[in-house]
Amino acid sequence: MEELLPTVLAVVAVILTVILSIVGVQVILVLTEVKKTLTKINATLDEAEAKINAIVSPLQNLGGLAGGLQTGIQVFETFTNWLTSRKDGRKK
């Protein structure tokens, strides 16, 4: 009876070691797959960001164009007002 307890404990320790080793290997394999998946997701997001920037960039340029046109119109109005005031000044 005294030799049975150490034998059972040794067998249980070996079984737990084997089970934990298998679980550890499975965890490593799962983490490897997660890393591959995250790499693919990151590449997809980078590509989507590049395409969105390609779409948004011309729209930003249109905003700059609109600002430039507005400034040009203001300059033209100021110039025509200046010409009108000079013309009115000469008539008087």
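Looking at (1) more than 48 Å from the chain's Cα centre (by Cα); (2) exposed (fewer than 10 other Cβ atoms within 10 Å of the Cβ), which one does residue 12 not meet, given that it meets all the others?
(2) is the only condition that residue 12 fails.
Assess whether residue 24 counts as being modelled with pLDDT under 95 and open to solvent by less than 80 Å² (accessible area, probe 1.4 Å). It would help to see each step written out before you state the result.
On the way: modelled with pLDDT under 95: no; open to solvent by less than 80 Å² (accessible area, probe 1.4 Å): yes.
Here the answer is no, as residue 24 does not meet what is asked.
The values are calculated or read from the model by the stated rules, or taken from the named source; none is laboratory data. Just so it is clear, the model here is predicted, and its values are computed rather than measured. Neighbour counts are summed over all protein chains in view; Cβ atoms, including those assigned to glycine, are modelled from backbone coordinates with ideal geometry. Just the protein is used for accessible areas: all its heavy atoms, side chains included, with ligands, DNA and RNA removed. Shrake-Rupley method; radii C 1.70, N 1.55, O 1.52, S 1.80 Å.
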